Amino acid sequence: MRPLLSCEGVGMRFGGRSVLAGVSLAARAGEVLGVVGPNGAGKTTLFEILSGRIRPVAGRVFVDGDDVTALPLHARARRGLARTYQSPVVPEGLTVGEVFKVARQAYPPYLTAHQAEWAAHQVGLDARASTPAGSLGALDRRRLLLACLLMRRPRVLLMDEPAAGLINAEVDEIDAIVRFMSQELGVAVLLVEHRLELLAAIAERVIVLDAGEVIAEGPPHTVFDHPDVRAAYFEIGTPQHP
Ligand SMILES: Nc1ncnc2c1ncn2[C@@H]1O[C@H](COP(=O)(O)OP(=O)(O)OP(=O)(O)O)[C@@H](O)[C@H]1O
Ligand SMILES: [Mg+2]
């Protein structure tokens with residue numbers, strides 16, 4: 001099956017320093033692809049490039065086989081590419097219902113209230129329309145932001161550390177949402193995550209980035225036991241996030 005999202009030979013430099021070199025990956029519909037690596041390995045930078053926030057200095061990005069390397073973020077969003085950020089920043093002054101309204105009307109096609117309610121229900125955020133977004137806890141903030149993406153029925157979702165700042169019971173909620181999106185909706189999910197047990201549970205494949213290069217790729221348990229990965233990730237690069 002043709003991958004929904006792929007990249008080939010992606011390279012990035014900041015100042016004179018190389019932070020990504022020759023990174024290639026591919027994710028199919030319904031697949032959860034884990035992306036791990038020590039702090040500073042280049043995971044978020046890779047998401048910046050895949051989502052279209054920044055242009056790579058080398059390599060190409062494809063959505064459903066089309067070269068989107070030159071397309072900006074909003075054009076990729078229209079092709080079904082969605083992305084979450086490491087920090088769940090919400091508009092503090094708006095209520096949940098107002099946030100949904102802004103999201104529905106952010107760009108054409110404008111969505112119905114029913115479509116937003118469907119998304120809210122899928123992430124477990126029903127009947128919270130009058131709650132100020134600024135009063136939501138970390139899990140509900142992530143739910144709110146996910147619902148804003150989900151209402152547009154993305155085909156690819158890039159999730160940057162969705163479990164950061166959550167307690168274990170809350171991580172199970174994220175786990176369930178990711179499973180629903182991949183298994184029920186057929187979304188290709190790329191998941192940057194330091195909690196390896198979460199990845200081991202829901203990712204079919206994992207790639208390991210170290211100092212901007214892919215050093216291993218395969219099923220989670222095979223990859224996590226690989227000596228190079230243990231050296232790069234477990235022994236030298238200790239994750240800062242618990
Ligand atoms: N805009 C930027 N300008 C300069 N350097 C940057 C910029 N963004 C990232 N970097 C550097 O690029 C490297 C990769 O950073 P990146 O945020 O992609 O790592 P990461 O794997 O997401 O790390 P973490 O696990 O801490 O989130 C780091 O050394 C970082 O300091
Ligand atoms: Mg990061």
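Numbers for the structure displayed
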quantity: Within segment 105-153, considering residues that are under 22 Å from Leu198 (Cα atoms) and not aliphatic (A, V, I, L, M), the one modelled with the lowest pLDDT; calculated: Gly124
quantity: Residue under evaluation Gln105, criteria (1) in contact (Cβ under 8 Å) with a residue 12 or more places away in the chain; (2) more than 16 Å from ligand 2 (Cβ to nearest atom), criterion not met; calculated: (1)
quantity: Single condition Gln115 does not satisfy, out of (1) in the same structural domain as Glu204 (by TED's automatic domain parsing); (2) not in a loop (DSSP other than H, G, I, E, B); calculated: (1)
quantity: Residues of segment 31-45 that turn out to be more than 9 Å from ligand 2 (Cβ to nearest atom) and under 14 Å from the mean Cα position of the chain (by Cα), as a count; calculated: 6
quantity: Subset of segment 162-205 that is in contact with a Ser or Thr (Cβ under 9 Å, 6 or more places away or on another chain) and among the β-branched types (Val, Ile, Thr) - its residue that is surrounded by the most Cβ atoms within 10 Å (Cβ to Cβ); calculated: Val189
quantity: Residues of segment 108-126 classified as within 12 Å of Leu144 (Cα to Cα) and free of Cβ contacts under 8 Å to residues at least 24 places away in the same chain, total; calculated: 3
quantity: Conditions (1) in contact (Cβ under 8 Å) with a residue 24 or more places away in the chain; (2) in contact with a strand residue (DSSP E or B) (Cβ under 6 Å, 6 or more places away or on another chain); (3) not aliphatic (A, V, I, L, M): number failed by Asp228; calculated: (1)
quantity: Count - residues of segment 167-197 that are more than 19 Å from Leu4 (Cβ to Cβ), in contact with a Leu (Cβ under 8 Å, 6 or more places away or on another chain) and within 16 Å of ligand 2 (Cβ to nearest atom); calculated: 1
quantity: Residue check, Met159 within 16 Å of ligand 2 (Cβ to nearest atom), under 27 Å from Leu4 (Cα atoms) and either surrounded by fewer than 19 Cβ atoms within 10 Å (Cβ to Cβ) or in the same structural domain as Lys43 (by TED's automatic domain parsing) (or both); calculated: yes
quantity: Search result, residues across segment 94-112 that are surrounded by fewer than 13 Cβ atoms within 10 Å (Cβ to Cβ) and farther than 26 Å from Ala163 by Cα; calculated: Gln105, Tyr107, Pro108, Pro109, Tyr110, Thr112
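Table: residues versus (1) within 13 Å of ligand 1 (Cβ to nearest atom); (2) at pLDDT 95 or above; (3) of a type in the set (A, V, I, L, M).
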{"position": "Ile167", "(1), (2), (3)": "no, no, yes"}
{"position": "Glu173", "(1), (2), (3)": "no, no, no"}
{"position": "Glu184", "(1), (2), (3)": "no, yes, no"}
{"position": "Asp210", "(1), (2), (3)": "yes, no, no"}
{"position": "His221", "(1), (2), (3)": "no, no, no"}
{"position": "Gly237", "(1), (2), (3)": "yes, no, no"}
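Matching residues to (1) within 16 Å of ligand 2 (Cβ to nearest atom); (2) of a type in the set (Asp, Glu); (3) surrounded by fewer than 17 Cβ atoms within 10 Å (Cβ to Cβ):
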{"residue": "Ala21", "(1), (2), (3)": "no, no, no"}
{"residue": "Ala27", "(1), (2), (3)": "no, no, no"}
{"residue": "Glu48", "(1), (2), (3)": "yes, yes, no"}
{"residue": "Ile54", "(1), (2), (3)": "yes, no, yes"}
{"residue": "Val57", "(1), (2), (3)": "no, no, yes"}
{"residue": "Val63", "(1), (2), (3)": "no, no, no"}
{"residue": "Asp67", "(1), (2), (3)": "no, yes, yes"}
{"residue": "Gln86", "(1), (2), (3)": "yes, no, yes"}
{"residue": "Glu92", "(1), (2), (3)": "no, yes, yes"}
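The values are calculated or read from the model by the stated rules, or taken from the named source; none is laboratory data. These figures come from a predicted structure and were not determined experimentally. Cβ: placed from backbone, ideal geometry, glycine included. Neighbour counts: every protein chain shown.
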